[in-house]
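Since the structure comes first, as structure tokens, the remarks are kept for the end.
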Amino acid sequence: MEQLDILVFGAHPDDAEIGMGGTIAKHTAAGYKIGICDLTEAEMSSNGTVELRQQEAALASAVLGLSARSCLKLPDRGLRLESSFIDPIVEKIRQHRPRIVCAPYWEDRHPDHIMCSKLVEEAVFNAKLRRYMTHLPAWQVEQTLFYYINDVHNISLMIDISEVQQQKERALRAYASQFNTAATADGVATPLTNGYIERVNARDTLLGQPKGWQYAEGFAVKGPYPVDKL
């Protein structure tokens with residue numbers, strides 16, 4: 001399996017695009033190999049179907065220039081902090097051997113986002129243990145970054161995404177079933193269909209404003225973020 005520079009985990013297809021689609025696009029354009037692993041198929045979503053969501057994820061992946069995308073097919077709204085959920089994440093980390101892993105911020109109004117954050121953090125730790133799941137070589141991730149899906153707190157790192165914001169928006173609009181009630185015959189109104197993409201754009205604008213950037217995405221880290229030079 002191809003080695004990646006960055007491996008991004010999300011609870012559902014579209015989580016990574018909402019939180020860091022611009023960062024992904026900026027890095028793939030620079031030649032970085034980036035993959036997304038969705039923990040669930042979002043089978044509990046009010047709109048769309050699993051099959052349609054996978055088609056939309058494939059389209060978004062092409063827009064962002066991903067090197068890999070996978071889905072662990074864990075239960076939507078059934079994620080739990082136990083080994084049967086942690087181990088498949090460990091396998092993905094060891095298979096792709098990323099330098100950086102990204103996960104949702106540990107506080108969010110959606111319980112699945114919170115649980116995804118916890119599961120990935122556990123998996124990153126376990127992935128480096130050479131006597132754990134010995135059928136795959138251990139792998140030490142250099143840094144874990146946490147991206148924001150809904151609420152934003154305690155930003156440790158910001159990335160200027162002004163030049164790729166339109167690309168991020170195209171990736172989000174690939175999920176038409178989630179953001180547009182007219183996209184499916186039985187679409188119903190949800191918080192996502194009520195101007196959600198516009199609110200993501202507004203958030204990214206506010207994040208960039210202090211630095212004079214048109215758009216930015218924020219991240220949190222636990223512990224120091226090492227750099228070679230300032």
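Values quoted throughout were computed directly from the atomic coordinates according to the rules given, and no laboratory measurement underlies them. Because the structure is a prediction, the values reported are computed rather than measured. Every residue, glycine among them, receives a Cβ derived from its backbone with ideal geometry; neighbour counts consider all protein chains shown.
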Q. What residue among Ala123, Gly187, Ala68 has its Cα farthest toward the positive end of the dipole of the chain, where the charges are +1 on Lys, Arg and -1 on Asp, Glu, each on the Cβ?
A. Ala123
Q) Roughly speaking, what is the stretch gain from Glu82 to Met1, that is 0.36 nm per residue apart minus the C-alpha to C-alpha distance, in nm to one decimal? A) 26.6 nm
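Could you order the peptides 55-62, 186-193 from most to least packed, using the average number of other C-beta atoms within 10 Å per residue?
Working: 55-62: 19.2, 186-193: 13.6.
Those peptides, ordered most packed to least, come out 55-62, 186-193.
Tally Lys/Arg at +1 and Asp/Glu at -1 over every other residue whose Cβ is under 13 Å from the Cβ of Pro137; what's the total?
Values: positive: Arg94, Arg97, Lys128, Arg130, Arg131; negative: Glu91.
That sum, taken over residues with Cβ under 13 Å, equals +4.
With N residues in the range 96-181, what two-decimal value do you get for its Cα radius of gyration over 2.2 N^0.38 Å? Numbers along the way, then the final one.
Details: Rg = 16.2 Å, N = 86, 2.2 N^0.38 = 12.0 Å.
Against the compact-globule rule of thumb, the ratio is 1.35.
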Q | Formal net charge of residues neighbouring Glu107 (Cβ-Cβ distance under 15 Å; K, R +1; D, E -1) | A | -2
Q | Amide N of the range 56-70 lying under 20 Å from the label point, which is placed 7 angstrom from the Cα of Glu163 along Cα→Cβ | A | 63-67
Q: Return P(r) of the range 7-120 (all Cα-Cα pairs; 5 Å bins starting at 0; whole %; ordered from short to long distances).
A: 2, 12, 24, 25, 21, 12, 3, 0
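Quick one: putting +1 on the C-beta of Lys and Arg, -1 on the C-beta of Asp and Glu, what dipole do you get for the range 135-230 around its Cα centre, in Debye to the nearest 20?
On the way: 8 positive and 10 negative charges, 12 e Å.
That gives the range 135-230 a dipole magnitude of about 60 debye.
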Q.
Suppose only helical runs count, i.e. DSSP H with n ≥ 4. What mean residue ellipticity at 222 nm does that imply for the chain under -39500 (n - 2.57) per run, divided by all residues and rounded to the nearest 500 deg cm²/dmol?
A. -12000 deg cm²/dmol
Q) Mind checking which of Ser67, Ser84, Ser117 has the largest fluctuation in a GNM of the chain, springs on alpha carbons under 10 Å? A) Ser84
(Q) Please list log₁₀ I(q)/I(0) at q = 0.09 Å⁻¹ for the range 6-220, using the Debye equation with identical point scatterers on the alpha-carbon positions. (A) -0.33
**Q.** Two-decimal Rg to Rh for the range 22-69 - Kirkwood Rh, Cα set
**A.** 1.04
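If you place +1 on the Cβ of every Lys and Arg and -1 on the Cβ of every Asp and Glu, how big does the dipole about the Cα centre of the range 6-220 come out, in debye to the nearest 20? It would help to have the intermediate numbers written out before the result.
Working: 22 positive and 26 negative charges, 147 e Å.
Here the size comes out at about 700 debye.
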Q. Lysines near Lys128 by alpha-carbon distance under 23 Å, same-chain residues fewer than 8 away left out - which ones?
A. Lys33, Lys92, Lys118, Lys222
